[in-house]
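**Q** The structure follows.
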Amino acid sequence: MREEARRHGPRTGALTGLAAAGGVITSAGAVLAGTFAVLGTLPVTFLTELGFAVAFGVLLDTFVVRSVLVTALNLDLGRRVWWPSRLALRPAPEEEFADEPASVG
């Protein structure tokens, strides 16, 4: 998202970044959750509970936080989401011409 936000602005960057990396993030999260869910098959209660908790947390992070929350924050906050970097100070391409009056002609 950051690379696309640098080129096209925060709104287009968020949508393009989600489209490009969404499948990879979902696949990696599902594999990691499945790996931890295997701990649920062990007869030790502590490892079963730990495996379930971590697998649930990874799935929550994959499907809710990374796909919904991060994209929503990018769309709502715009360039301010990149606050500690110079990207937050530079106007987005769609904002550069917002102050100029529209030319008729």
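The values are calculated or read from the model by the stated rules, or taken from the named source; none is laboratory data. The structure displayed is predicted, hence computed values, not measured ones. Backbone-built Cβ (ideal geometry, glycine too); neighbour counts: all protein chains shown.
**Q** Under 6 Å between Cβ atoms, which residue pairs at least 6 apart in sequence (or on different chains) link something in segment 77-88 that is without any contact (Cβ under 8 Å) to a residue 40 or more places away in the chain with a partner that is not basic (Lys, Arg)?
**A** Arg80/Ala88; Ala88/Trp82
**Q** Only residues in segment 29-45 that are modelled with pLDDT under 95 count as the first member; pair them with residues that are among the aromatic types (Phe, Trp, Tyr), Cβ under 7 angstrom, at least 6 apart or cross-chain, and list the lot.
**A** Qualifying pairs under 7 Å: Gly40/Phe52.
Each row is one residue, and each column tells you yes or no for (1) surrounded by 13 or more Cβ atoms within 10 Å (Cβ to Cβ); (2) in contact with a Pro (Cβ under 8 Å, 6 or more places away or on another chain); (3) within 16 Å of Arg66 (Cβ to Cβ).
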position: Arg6; (1), (2), (3): yes, no, no
position: Gly9; (1), (2), (3): yes, yes, no
position: Leu15; (1), (2), (3): yes, no, yes
position: Ser27; (1), (2), (3): no, no, yes
position: Ala30; (1), (2), (3): yes, no, yes
position: Phe36; (1), (2), (3): yes, no, no
position: Gly40; (1), (2), (3): yes, no, no
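**Q** Could you go through segment 7-22 and let me know if any residue there is aliphatic (A, V, I, L, M), within 26 Å of Asp76 (Cα to Cα) and at pLDDT 90 or above.
**A** no
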